[in-house]
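Trainee: I'd like to ask some things about the structure below.
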Amino acid sequence: MDKEEKKRFWQTAVDAKTRQYIYLGGGAACVTGAMTVIFALVLNSFMWLDAILTVGLAVGILVGKSRACAVVMLVYFIISKLMQLGAMTAGSLVVAVCFIILYVFGTIGTFRYHDQLVAYENARAAAASQATEEMNGQDETAADFDEEADEAFGDAGSYDEEDIYYDEKK
């Protein structure tokens with residue numbers, strides 16, 4: 001499936017809830033990435049690695065609809081908050097739980113997207129296969145006719161290798 005076709009699939013065939021879930025998870029990742037960039041500028045230059053990773057995962061969720069990026073972002077955020085647990089206030093804990101919920105929605109959205117994509121591609125393949133069979137005249141009525149002809153006239157298409165060998169000797 002090319003880019004244009006995937007874009008059309010995203011706009012027309014993906015249900016609104018799946019799109020909303022992906023936007024929630026990707027949006028949360030963008031906010032986390034933006035906050036990390038700000039902290040990297042102001043506080044600690046070693047946070048740039050964290051910022052680049054977070055922004056990259058956000059792009060993977062929003063643009064690529066990547067299940068792997070969504071799962072990694074969820075796990076990465078949970079681990080980072082567990083490491084900060086001793087320094088967290090009640091308010092920051094509530095915010096962290098809200099972000100975890102948003103990342104869970106994003107993860108669910110990416111998995112639903114890929115389920116819908118596979119179903120769409122399978123339906124297209126089945127339709128193409130059926131169209132090919134119809135074009136080749138291999139529908140059930142043709143197969144029934146072939147069986148009736150074999151019963152009436154014998155299977156003229158089947159013979160042994162001995163028959164071929166015998167015919168060559170004559």
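We did not get these values from a lab; they are worked out from the coordinates using the rules stated. As the structure is a prediction and not an experimental result, all values here were calculated from the model. Here Cβ is always computed from backbone atoms with ideal geometry, including for glycine, and neighbour counts include all displayed protein chains.
Trainee: What FRET efficiency do you get for residue 13 and residue 35 if R0 is 30 Å and r is their Cβ-Cβ distance, rounded to the nearest 0.05? It would help to have the intermediate numbers written out before the result.
Mentor: Values: r = 34 Å, r/R0 = 1.14.
For R0 = 30 Å, the calculated efficiency reads 0.30.
Trainee: Would you please give the FRET efficiency between residue 127 and residue 68, computed as 1/(1 + (r/R0)^6) with r the Cβ-Cβ distance and R0 = 30 Å, to the nearest 0.05? Working shown, then result.
Mentor: Working: r = 30 Å, r/R0 = 1.00.
The computed FRET efficiency comes out at 0.50.
Trainee: For residue 66, what residues show an amide H to amide H distance below 5 Å, using hydrogens built from the backbone and excluding near sequence neighbours?
Mentor: 61
Trainee: Same structure, new question: Quote the FRET efficiency, to the nearest 0.05, computed for residue 104 versus residue 1 with a Förster distance R0 of 41 Å and r equal to the Cβ-Cβ distance.
Mentor: Working: r = 27 Å, r/R0 = 0.67.
Given R0 = 41 Å and the Cβ-Cβ separation, E is 0.90.
Trainee: Quick one: pull the percentage of alpha-carbon pairs in region 1-107 with a separation above 24 Å.
Mentor: On the way: 1566 of 5671 pairs.
Above the 24 Å cut-off, region 1-107 has 28 percent of its Cα pairs.
Trainee: Next question. State whether region 59-109 is rounded, prolate or oblate according to the following rule on the C-alpha gyration tensor (a ≥ b ≥ c being the square roots of its eigenvalues): a/c under 1.5 gives rounded; otherwise a/b larger than b/c gives prolate, and the remaining case gives oblate.
Mentor: Values: a/c = 3.29, a/b = 2.16, b/c = 1.52.
It is prolate, given that a/c is not under 1.5 and a/b is the larger ratio.
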